[in-house]
Every structure is written in C-alpha cells, then in structure tokens.
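Enquirer: Take this structure first; my questions come after.
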2 protein chains.
Amino acid sequence: MSRTVAAPYRVSGVAHTPADVLAAARGILAQHSLADLSMRRLATELGVRPNALYWHFPDKQTMLAALADDLLDAVQIPADGAWDQRLTAAATNLRSTLLSLPDSAEVVSSAWASGLSHSDLTATVAAVASDGGLPPPAAHGVATAICRLTIGLTIEEQTRAQMERLGVTGPSGRDFTEEFTQALAVIVDGARSLAAARR
Amino acid sequence: MSRTVAAPYRVSGVAHTPADVLAAARGILAQHSLADLSMRRLATELGVRPNALYWHFPDKQTMLAALADDLLDAVQIPADGAWDQRLTAAATNLRSTLLSLPDSAEVVSSAWASGLSHSDLTATVAAVASDGGLPPPAAHGVATAICRLTIGLTIEEQTRAQMERLGVTGPSGRDFTEEFTQALAVIVDGARSLAAARR
DNA sequence: ACCTGAACACCGTTCAAGT
DNA sequence: ACCTGAACACCGTTCAAGT
C-alpha cells in the first residue's frame, strides 16, 4: 500500500519559491510592461491569491530589487584586455542585458534608488577603472558616470519602445545606440585623460 | 445698486488654473513626498474633487511633465565664460535646482522617459559643448552624459533623503556631492580631450 | 511551510450633470 | 469655464485562519 502524503493546500502543483515569483515577474515584463506588473496580476499568473506573495517577499519594492539583482548578476564584466576597452565592454553588456527585458532599466533604477539592491556593479566597474591607474575617487566617478548614463538612456529607450508598442506614439526618430556610443566615448576618453595625467 | 455676478459653483474663492495645480503639487513634494502626490490628495489640497483636476490636465503623467518643465526652465545655463566651466556650472545648477525640491529628480526622469516634457535642456547643454568645438554627435553625447548623471545620482540622493526622513533607514554614509563632482569632472575632461583632438 | 478568506484604505479615470 | 456626484476597475498590504 502506498502512503499518500498530505495534499498541499493549493489545488495543483508544488509550492512556489521566491525564484518562481521572480520568473513570473520577468514573464509579465517580457509580454506586457512594468505598468502591468502588479502584485495581484503576478499572483494570478502563479495561480495564487495576491497575499500569498507576501510569504516570499516582504513587499513589492523588495521583490523588484531582487529581480534587479538577478538581472545585474548576469552582466558580464570582462576580466582581461585593455582597461579602457573593458570599460566600454562592461557598459555595452549592461545595456544589452537591460534591452533584453522590457522596462528592466526602470526596475534597476528604482532598486538602486531604494537601497534594496545588493548588486555591487558600480564597484565592479570602478575596479576596472582602477586598473587604469585612477585613484579611488576618480575611478568611482567613472563608474558612476557610466552606470547612470547607461541606465538613464536605456530607461528612455525602453519607455519609448513601450509607447510605440501601444501605438500611443510614433517612432521617436532618435538613434539611441548612437547617443549611447557617443556619450560613453566621452566618459571613457575622460577616464583615459585622467589616467594619462597620473603618469 | 451693485450688480452681483453669478456665484461660482465652488463655495469659496476663485477658479483654479493649471498653475495653481502645479503649485499645490510642489507643496506636496516639499512637505511630503512623491508617494503622497496622488491626484486625490492634490485635489483635497486645492479644496476640490479629484475629477476636477482633469479639467486642467488630461492625466497625471502630463501634469507631472508640466511640473518637470517648470523646474527645468528655472535652471540657469551661463552664457559667458570658458565653455568647459559653463558645462560644469550648468550641471551644478541643475543639481542644486533639483535638490531644492524633494523627489523632483524622479519627476524629471519620468517626464523625459514619457516624452511629454517640452524642455530642451539637453540641447541647451549640447550647445555649450559645441562652443568648445565639438562636432554635433560628440556635443550631444557630452550633454547626454551630464544630464543623465545628474538626474540619476540626484534620484538616489533624494530617495535616500526620503527614507531617512521616514526613519526607515540610517544615513547612507555616501558623500553624494563628492560622487557628483568626481563623475562630472571625468565627463568634462572627456569633452576637453575630444576638443583638443579636433585642433 | 505555504496558502486562503476577508477586509482596509487607498488609487487614476470617465461621464453626465450642475452653475 | 470650472466644478460636483457617482461610479468603474483597479491597487498594496495586513491578519487570522486553514492544511
């Protein structure tokens, strides 16, 4: 005779984990937008009541910060090569990671602002700048400029993309890739010029 | 005999204007926070029903964009002096304008992202960079880097300030002024190095 | 450990109607 | 021109209770 374990309270399937919740949140961003990412909708997507989510995360803000950290942990920061090229590559990788998930730049921005993010991306980028011989404050300045530029410009790009998706606005006529490339080049040039002055 | 004009529908006072609404919105930001700036609360502050606001603005987003434009129009962009010092001054003025009203950096960021802002601050800053002899794409890159840095870092600073105001978090230990100064110096150095290469 | 039921205190926005 | 009344379709979050 086989023993039957006590059936879970939920009708079908296994219990959820925080990772399940984050995966469902990604799904909503991918197929809809940040505006559609409510706790209630997220719960529906998981086949669960809204308040069940509060078992996994204390509040929505914390859940979004965890999502942001997931995203940022996936950004590749090259370990070898010339330091200035590694800086450019880090920024480019951050941007393309963000562009792969709609509205994710906004999520990262909020997470950084709230202080609930545990990602140390800025410090990692600052370490690359340090390899160029920049003193700590300047290296941190470079990292700050690069990260904020990338996040800020990508927020605009993704927001426009959403608006065009909804047909509320026509194409912006802006070349975001060009804007990003130019602005990034200015910052990296600044870093090089500071490094040269140190020699 | 004095003629009495037909009494307005509202009990006391004169009718409101869009400017009145924006002033009340500023008041809520100044004394509370962006989280408290709901259309319903704004209406209450004006002694009016929530839906009355939709006479003055089509929606909340548009109202916030108008508020952002008001703020940005007040930013002084110096017209004479060395171009690199004018760049630094423009960024510093933008930051101090934002810091004078809690959560205003977030408001500006959203307004830019939504495309509802009519401010041409980035173009104005780009014009200063052009005075340094930079070609248009590079000048625009400089302006983008400066504006996004300033907005992004000020969002973090103001969000931390709110959290400390609410006692939900202790002091961050970060020196935002120092971070801003260093990152700005990197960008302006980059601009100078690009200008020098043009000669 | 993980979830439901039920409720609280809110939102933004629309539409017809009032003066 | 500027506002009210009344309603619609939502939010995030809490708490006790279920299994």
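The values are calculated or read from the model by the stated rules, or taken from the named source; none is laboratory data. Keep in mind that what you see is a predicted model, and the values were worked out from it rather than measured. Quick reminder, even Gly has a Cβ in these numbers, built from the backbone with ideal geometry, and neighbours come from all protein chains shown.
Enquirer: Can you tell me which residues in region B:43-58 are over 19 Å from the mean Cα position of the chain (by Cα) and near DNA strand C (Cβ under 10 Å from one of its atoms)?
Expert: B:43, B:44, B:49, B:50, B:51, B:52, B:53, B:54, B:55, B:58
Enquirer: Would you mind stating whether residue B:192 is of a type outside the set (Gly, Ala, Ser) and over 17 Å from the mean Cα position of the chain (by Cα)?
Expert: Details: of a type outside the set (Gly, Ala, Ser): yes; over 17 Å from the mean Cα position of the chain (by Cα): yes.
Here the answer is yes, as residue B:192 does meet what is asked.
Enquirer: Quick check on region A:190-199: of everything there that is in a helix (DSSP H, G or I) and over 18 Å from residue B:180 (Cα atoms), which residue is nearest to the other protein chains (Cβ to nearest Cβ)?
Expert: Among them, the one singled out is A:193.
Enquirer: Still on this structure, please answer the following. Can you find a residue that is of a type in the set (Val, Ile, Thr), touching a His at 6+ places or on another chain (Cβ under 8 Å) and at pLDDT 95 or above anywhere in region B:114-124?
Expert: Within region B:114-124, one or more residues are of a type in the set (Val, Ile, Thr), touching a His at 6+ places or on another chain (Cβ under 8 Å) and at pLDDT 95 or above.
Enquirer: Any residue in region B:158-181 that's hydroxyl-bearing (Ser, Thr, Tyr): show its pairings with residues that are part of a loop (DSSP other than H, G, I, E, B) at Cβ separation under 8 Å, as long as the two are six or more apart or on different chains.
Expert: As it stands, the answer is B:159/A:115; B:159/B:103; B:169/A:115; B:172/A:115, since those pairs meet every condition given.
Quick grid of which residues meet (1) part of a helix (DSSP H, G or I); (2) of a type outside the set (S, T, N, Q):
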| residue | (1), (2) |
| --- | --- |
| B:117 | no, no |
| B:124 | yes, no |
| B:127 | yes, yes |
| B:142 | yes, yes |
| B:154 | yes, no |
| B:157 | yes, yes |
| B:187 | yes, yes |
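Enquirer: Determine, yes or no, whether residue A:157 is of a type in the set (D, E, K, R), on the phi < 0 side of the Ramachandran plot and at pLDDT 95 or above.
Expert: yes
Enquirer: If residue A:109 satisfies every condition in (1) under 18 Å from residue B:111 (Cα atoms); (2) more than 9 Å from every other protein chain (Cβ to nearest Cβ); (3) touching a residue at least 24 places away in the same chain (Cβ under 8 Å) but one, which is the exception?
Expert: With respect to (1) under 18 Å from residue B:111 (Cα atoms); (2) more than 9 Å from every other protein chain (Cβ to nearest Cβ); (3) touching a residue at least 24 places away in the same chain (Cβ under 8 Å), residue A:109 is out only on (2).
Enquirer: Right, something else. Working carefully through the options B:173, B:115, B:132, find the one that is more than 21 Å from the chain's Cα centre (by Cα) and at positive phi.
Expert: B:173
Enquirer: Restricting to region A:141-180, count the residues that are surrounded by fewer than 17 Cβ atoms within 10 Å (Cβ to Cβ), of a type in the set (S, T, N, Q) and within 9 Å of chain B (Cβ to nearest Cβ).
Expert: 2
Enquirer: Now, a different point. Given the condition part of a helix (DSSP H, G or I) and surrounded by 12 or more Cβ atoms within 10 Å (Cβ to Cβ), answer yes or no: does some residue in region A:7-15 qualify?
Expert: no
Enquirer: Give me the residue from region B:25-42 that is surrounded by 18 or more Cβ atoms within 10 Å (Cβ to Cβ) and within 8 Å of DNA strand C (Cβ to nearest atom) and, out of that set, farthest from the other protein chains (Cβ to nearest Cβ).
Expert: In this case the residue turns out to be B:42.
Enquirer: Can you list residue pairs whose Cβ atoms sit under 7 Å apart, with the first residue in region A:83-104 being part of a helix (DSSP H, G or I) and the second being aromatic (Phe, Trp, Tyr)? Count only pairs 6 or more apart in sequence or on different chains.
Expert: From region A:83-104, the pairs are A:95/A:180.
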